[in-house]
Amino acid sequence: YDKVILDRLEYWVRLEPWLNENISQDVLDYNKIGFYPGGNQITIPHFDADGRFIGLRGRTLGEEDAQRYGKYRPVIINKLLYTHPLGMNLYNLNHSKEYIKIMKKAIVFESEKSCLKYQSYFNFDISVACCGSSLTNYQIQLLLDCGVEEIIIAFDRQFQEIGDDEFKKLTKNLTKIHEKYKNYVKISFIFDKDMITPYKSSPTDNGKDIFRNCICL
């Protein structure tokens, strides 16, 4: 897409909902997180590993629209839908790939916000987001191309009790990822088995100290 559209979004608006969630203004500016009043959305531009503008997602602030259409969806401006196949990219890889090459490790979160929080906590950014709860072959290959020796999966705590149906579904999904890719790269997990984060939280949602206390398996 023509990234000139990014210059037409509003960046002077203080994004209080995200500033109140441990995301710094510097990080918002660095990632060109803006606001589109026409959709009442916080805007999140997506770039490929080489920095090309490939999509624009929005976080809807209106509760009614969020319930009807989902909190996150591609932004529509002047009848153009800024969509892209999420499984064919990793959010933030354009920023983190050099550190990933140095560390030979990458942390994979579900959402873009988790990367923004990680950047707010640490200067050495090795985070990416798959924008979902699964990893595709293409996304794994993107990380292998960066020379990773370990991929750390840090998905949301999508269960309320150890052993409940959601817990079984999550652990089954994580086990499937491990079995599928273990012969290519070390797969480990940040998994909140002690439930020190709230239900449906990302490991980064409750501050740097809580993130550090999550268990890496």
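The values are calculated or read from the model by the stated rules, or taken from the named source; none is laboratory data. Predicted model, so just to flag it, every value in this text is computed and none were measured. FYI the Cβ positions are ideal-geometry reconstructions off the backbone, even for glycines, and counts take in every protein chain you see. These area figures cover heavy atoms from the full protein model, side chains too; ligands, DNA and RNA do not enter into them. Shrake-Rupley method; radii C 1.70, N 1.55, O 1.52, S 1.80 Å.
Evaluated with a Cβ-only charge set (Lys, Arg +1; Asp, Glu -1), region 1-149 carries a dipole of roughly 200 debye about its Cα centre, given to the nearest 20.
What number comes out for accessible area per residue over region 1-111 if the probe is 1.4 Å? Units Å², please. I get 54 Å² per residue for region 1-111.
Here r is the Cβ-Cβ distance between Glu21 and Ser134 and R0 is 22 Å; the resulting FRET efficiency, rounded to 0.05, is 0.35. Rounded to the nearest 10 Å², what accessible area does Tyr69 have for a 1.4 Å probe in the complete protein model? Surface accessible to solvent at Tyr69 totals approximately 130 Å². On full extension, the segment bounded by Phe122 and Glu63 gains 18.1 nm, given 0.36 nm per residue less the C-alpha separation. Note that region 5-12 has calculated 3J(HN,Hα) couplings of 4, 5, 6, 9, 7, 9, 10, 7 Hz, one per residue in order, obtained from phi through the Karplus relation 6.51 cos²θ - 1.76 cosθ + 1.60 (θ = phi - 60°); glycine and proline are x. In this structure, the pairs whose alpha-carbon distance is over 20 Å, taken from Lys113/Lys208; Lys105/Lys180; Lys3/Lys32; Lys79/Lys113; Lys113/Lys182, are Lys79/Lys113; Lys113/Lys182.
For Ile77, the residues 5 or more places off, or on other chains, whose built amide H falls under 5 Å of its own are Tyr82. Amide H contacts of Ile190 (H built 1.01 Å from N, in plane; Pro and chain starts excluded): Ile153, Ala154, Phe155, Leu217 sit under 5 Å, all sequence-distant by 5 or more or on other chains.
Here is the list for region 85-194: GluC sites (Glu not before Pro) lying in DSSP coil, each with at most 15 other C-beta atoms within 10 angstrom of its C-beta, are Glu149, Glu161. Across region 183-193, computed HN-Hα scalar couplings (Karplus, 6.51 cos²θ - 1.76 cosθ + 1.60, θ = phi - 60°) run 7, 9, 7, 5, 10, 10, 9, 9, 9, 7, 6 Hz from first to last residue, x flagging Gly and Pro.
Here the chain has 50 percent of its accessible surface on carbon and sulfur atoms, given a 1.4 Å probe and all protein chains in place.
Of the whole protein surface, Thr136 contributes about 50 Å² of accessible area at a 1.4 Å probe radius. Taking each residue as 0.36 nm, the span from Tyr11 to Lys172 lengthens on full extension beyond its C-alpha to C-alpha distance by 53.8 nm.
Rounded to the nearest 20, the size of the Cβ-charge dipole of region 74-217 about its Cα centre is 280 debye, with Lys and Arg at +1 and Asp and Glu at -1.
Along the charge dipole of the chain, which of Val4, Gly39, Ile140 sits closest to the positive end, that is, farthest toward it, with unit charges on the beta carbon of Lys, Arg, Asp and Glu (+1, +1, -1, -1)? So the residue furthest toward the plus end is Ile140.
How many percent of the alpha carbon pairs in the chain exceed a separation of 28 Å? Across the chain, Cα pairs with separations above 28 Å total 28 percent.
Label-to-label distance for Ile77 and Asn183 is 4.6 nm, based on points extended 7 Å past Cα in the beta-carbon direction.
Do the sum for the chain: with -39,500 (n - 2.57) for every DSSP H run of n ≥ 4, divided by all residues, what is the mean residue ellipticity at 222 nm, to the nearest 500 deg cm²/dmol? Here the helix-only value at 222 nm equals -9000 deg cm²/dmol.
Of the residues Gly207, Gly39, Gly163, the one that moves most in a GNM of the chain with alpha-carbon contacts below 10 Å is Gly163.
In terms of its alpha-carbon gyration tensor, region 104-182 comes out oblate; a/c meets the 1.5 threshold, while b/c is at least as large as a/b. In the context of the full set of protein chains, residues of region 115-217 present 51 Å² of accessible surface per residue (probe radius 1.4 Å, heavy atoms only).
Rounded to whole numbers, the Karplus 3J(HN,Hα) couplings from phi for region 160-170 are 9, 9, 4, x, 6, 4, 5, 4, 5, 5, 5 Hz, using 6.51 cos²θ - 1.76 cosθ + 1.60 with θ = phi - 60°, and x at Gly and Pro. Measuring r between the beta carbons of Asp165 and Asp48 and using R0 = 30 Å, the FRET efficiency lands at 0.25.
Less than 5 angstrom separates the built amide H of Ser133 from none of the residues sequence-distant by 5 or more or on a different chain. Relative contact order for region 69-196: 24 percent, from Cα pairs under 8 Å spaced at least 6 residues apart, divided by residue count.
Taking the centroid of alpha carbons for each part, region 22-88 and region 96-150 are 19 Å apart.
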